[in-house]
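Here's the structure we're looking at; comments come further down.
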Amino acid sequence: MQTEQALDAHSPDRRTLLKSAALGLFAFQVGGANLLLSPAQARTQGAALTMLSAEESALLEAFGEALVPGARAAGIAHFVDANLARPHPDSLLTARYLDVLPPHDAFYKAGLAALDTASRALLGAPFTQVSAAAAKPLIAAMLPGTLAPWQGPPAALFYLAVRSDAADLVYGTRAAFARMQVPYMAHIEPPGDW
């Protein structure tokens, strides 16, 4: 199955976007062309982000990678960005299922800012500049809510949302199941790989 497809119009219709999401494809702009790509392809091809800044994207990639190794290469920032740009009912972000009130960009942006502030205060550097090993105590303090300073959405909720989004990308595909040598036995078979 070919996963990279050009979009005919500048703004695809809702049906096209919903069908593409079922395959794990999202609309991204690369070099002025609108393409349906997986988040990993979008990251590799340098697709433009529409909702997250470059700094927020780098921070989300660093945090996602610390939580679920492989999240950066899987395109966590592009996945979150693409879903933040979608109408709330079409979003595949975990925040939607945790009943975080829209708009979700406020949730992610505030959580990322709080994470970076906490990293600077506790680790003496931006989160993007610390190793995953050095970040472990900071991340561990997020779950019980003992991380201070924290000025954002509840730390445990933010952790859960980003970790779940990252895990979906890294482990939620047939290819990932094959890498783990686990039989892929979906309750409802997806129409194709992503």
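The values are calculated or read from the model by the stated rules, or taken from the named source; none is laboratory data. Here the structure is a predicted model, which means the values were calculated and not measured. All Cβ positions, even for glycine, are placed from backbone atoms using ideal geometry, and neighbour counts span all protein chains on display.
Some observations on this one:
- Only one of 68, 100, 80, 130 that is among the β-branched types (Val, Ile, Thr) and farther than 15 Å from residue 159 by Cα: 130
- Of all the numbered requirements in (1) small (Gly, Ala, Ser); (2) without any contact (Cβ under 8 Å) to a residue 60 or more places away in the chain; (3) closer than 21 Å to residue 167 by Cβ, residue 64 misses one, and that requirement is (2).
- The one condition from (1) in contact with a strand residue (DSSP E or B) (Cβ under 7 Å, 6 or more places away or on another chain); (2) surrounded by fewer than 17 Cβ atoms within 10 Å (Cβ to Cβ) that residue 106 does not meet is (1).
- Verdict on residue 170 being within 20 Å of residue 69 (Cβ to Cβ) and either assigned to a loop (DSSP other than H, G, I, E, B) or modelled with pLDDT of 95 or more (or both): no
- Residue list for the stretch 116-165, filter: assigned to a loop (DSSP other than H, G, I, E, B) and touching an Asp or Glu at 6+ places or on another chain (Cβ under 7 Å): 126
- Checking each residue in the stretch 74-97 for being among the hydroxyl-bearing types (Ser, Thr, Tyr) and outside any helix (DSSP H, G or I) picks out only 91.
- Residue match in the stretch 94-102 (condition: surrounded by 23 or more Cβ atoms within 10 Å (Cβ to Cβ) and either more than 15 Å from the chain's Cα centre (by Cα) or small (Gly, Ala, Ser) (or both)): yes
- Residue check, residue 147 buried (at least 18 other Cβ atoms within 10 Å of the Cβ), farther than 30 Å from residue 33 by Cα and over 18 Å from the mean Cα position of the chain (by Cα): yes
- Residues located in the stretch 24-42, provided they are small (Gly, Ala, Ser) and in a strand (DSSP E or B): 27, 33
- Total residues in the stretch 43-61, condition within 12 Å of the chain's Cα centre (by Cα), in a helix (DSSP H, G or I) and not basic (Lys, Arg): 6
Table: residues versus (1) modelled with pLDDT under 75; (2) on the phi > 0 side of the Ramachandran plot; (3) touching a strand residue (DSSP E or B) at 6+ places or on another chain (Cβ under 6 Å); (4) buried (at least 20 other Cβ atoms within 10 Å of the Cβ).
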| position | (1), (2), (3), (4) |
| --- | --- |
| 10 | yes, no, no, no |
| 15 | yes, no, no, no |
| 29 | no, no, no, no |
| 33 | no, no, no, no |
| 38 | no, no, no, yes |
| 44 | no, no, no, no |
| 48 | no, no, yes, no |
